[in-house]
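Remarks on the structure that follows.
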Amino acid sequence: MSITPNLRFGVALNAPFGLTTDYDTGWRGRAVAQESSIKTVNINPSIAYKVSDTFSIGGGLNIQKINAKLSSDLGVFGRGLFTLKADDVGYGFNVGATFQPAAGTRIGAHYRSSIKYKLDGTATFSTFAAGNGPAMADLKTPDSASLSVLHQATPNLEVMADLTWTKWSNLQQLDAVYKTGVPLTSLQFRWDDTLRFGVGANYRLNDQTKLRLGLAYDKTPTNDVDRTPRLPDQDRTWLAFGVQFKPSKQGTLEIAYAHEFVKNARISATSVAPLTCPANCLSGTFKDKADILSIQYSHTF
């Protein structure tokens, strides 16, 4: 909404991080990972200021709730199903700018800060009551920065490209402890920073309908030594299609489909139990793929 002719206010609600892996009961790696779930909800109020006809800046506050769940089936070790649940609310910020160096060409830059969490929750063992108790862990999400360019090639065709850097090296390991300070479990990540490259095009069929096409290469932060079945990720190539439809002057509806072609992911991991291999080890290869369908509606006032 407009506050002044050059100042605007907006609010976004999104899920910047979210993933669940849930394996069949009794699978070979159950002592290493049974279920892993990270869910976030982010409220992002922001303001934007038009400095000139060719330059605008903006920024906002991120108020983010996280819920985490990790479980492993330690029945073979006499402890049953181990489950760790925790949550927290964290705060961060984001800033950005757009610049129009020439008619039909726009350049955008954006930075989103990391968020520090102090997760608070409980640890439970289904057949080992002595191990149950309140637990906590520190977690820091990655900050990210992106640069994008859009060019109006023809009256109906826009071409674009973007580059995004993500500081996944913030995630080296996750140490969960009882609130008494006694160690509970430790997850090793040792992730690396990544770059994501994308190109795309928009084609306007008419004043109401626009077609979209995109291709991207997304480097994994994981590595063949520390990768676990909780996130058997590898390098991904994205292919996406979409359509934008404007049912009214104020409303915009977006529908999109994307497929991720993922490289095979090598796994070599041990369970949370302090025992030796081969009883609690998992070694193998995951063959991954992903299909994403998204629907978005925005409305201006």
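The values are calculated or read from the model by the stated rules, or taken from the named source; none is laboratory data. No experiment lies behind these values; they were computed from the predicted model shown. Backbone-built Cβ (ideal geometry, glycine too); neighbour counts: all protein chains shown.
So VAL76 passes all but one of these: (1) of a type in the set (A, V, I, L, M, F, W, C); (2) assigned to a strand (DSSP E or B); (3) over 21 Å from THR164 (Cα atoms); (4) in contact (Cβ under 8 Å) with a residue 40 or more places away in the chain. Which condition number does it fail? With (1) of a type in the set (A, V, I, L, M, F, W, C); (2) assigned to a strand (DSSP E or B); (3) over 21 Å from THR164 (Cα atoms); (4) in contact (Cβ under 8 Å) with a residue 40 or more places away in the chain applied to VAL76, the lone miss is (2).
Remark: pairs (first residue in region 1-15, surrounded by 11 or more Cβ atoms within 10 Å (Cβ to Cβ) and at pLDDT 95 or above; second residue not acidic (Asp, Glu) and not in a strand (DSSP E or B); Cβ separation under 7 Å; 6+ apart in sequence or on different chains) = ARG8/MET1; PHE9/MET1. Filtering region 48-64 to residues that are of a type in the set (D, E, K, R) and either surrounded by 14 or more Cβ atoms within 10 Å (Cβ to Cβ) or in a strand (DSSP E or B) (or both) leaves only LYS50. Inspect region 191-198 for any residue being outside any strand (DSSP E or B) and more than 18 Å from the chain's Cα centre (by Cα) and give the result as yes or no. No, region 191-198 contains no residue that is outside any strand (DSSP E or B) and more than 18 Å from the chain's Cα centre (by Cα).
Just give me the residues in region 163-178 being without any contact (Cβ under 8 Å) to a residue 40 or more places away in the chain and part of a strand (DSSP E or B), in sequence order. Matches in region 163-178: LEU163, THR164, TRP165, GLN173, LEU174, ASP175. Among the residues that make up region 77-99, is at least one of them surrounded by 15 or more Cβ atoms within 10 Å (Cβ to Cβ) and of a type in the set (Lys, Arg)? Yes, region 77-99 contains at least one residue that is surrounded by 15 or more Cβ atoms within 10 Å (Cβ to Cβ) and of a type in the set (Lys, Arg). Taking first residues from region 245-257 that are farther than 11 Å from GLN296 by Cβ and partners that are surrounded by 14 or more Cβ atoms within 10 Å (Cβ to Cβ) and among the small types (Gly, Ala, Ser), the Cβ contacts under 9 Å between residues at least 6 apart in sequence or on separate chains come to TYR257/ALA240; TYR257/GLY242. Any chance region 280-301 includes a residue that's among the acidic types (Asp, Glu) and modelled with pLDDT under 90? Within region 280-301 (the criterion being among the acidic types (Asp, Glu) and modelled with pLDDT under 90), the answer is no, since none of the residues qualifies. Annotation note: of THR154, THR127, the sole residue that is among the hydroxyl-bearing types (Ser, Thr, Tyr), in contact with a strand residue (DSSP E or B) (Cβ under 6 Å, 6 or more places away or on another chain), assigned to a loop (DSSP other than H, G, I, E, B) and over 22 Å from LEU231 (Cα atoms) is THR127.
Every residue, every condition in (1) farther than 30 Å from ASP218 by Cα; (2) in contact with a Gly (Cβ under 9 Å, 6 or more places away or on another chain); (3) without any contact (Cβ under 8 Å) to a residue 24 or more places away in the chain, yes or no:
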| residue | (1), (2), (3) |
| --- | --- |
| HIS110 | no, yes, no |
| THR122 | yes, yes, no |
| GLY133 | yes, no, no |
| LEU147 | no, yes, no |
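Residues in region 137-151 that are in a strand (DSSP E or B) and among the polar types (S, T, N, Q): SER144, SER146, SER148.
Can you tell me which residue in region 169-209 is surrounded by the most Cβ atoms within 10 Å (Cβ to Cβ), limited to those that are under 19 Å from ALA33 (Cβ atoms) and among the aromatic types (Phe, Trp, Tyr)? Out of the qualifying residues, it is TRP191.
Scanning for something of a type in the set (S, T, N, Q) and either assigned to a helix (DSSP H, G or I) or more than 27 Å from the chain's Cα centre (by Cα) (or both), does region 207-218 turn up at least one residue? Checked region 207-218: at least one residue is of a type in the set (S, T, N, Q) and either assigned to a helix (DSSP H, G or I) or more than 27 Å from the chain's Cα centre (by Cα) (or both). Taking the listed residues PRO16, PRO45, the one that is within 30 Å of TYR297 (Cβ to Cβ), in a strand (DSSP E or B) and of a type outside the set (A, V, I, L, M, F, W, C) is PRO45, with no other qualifying.
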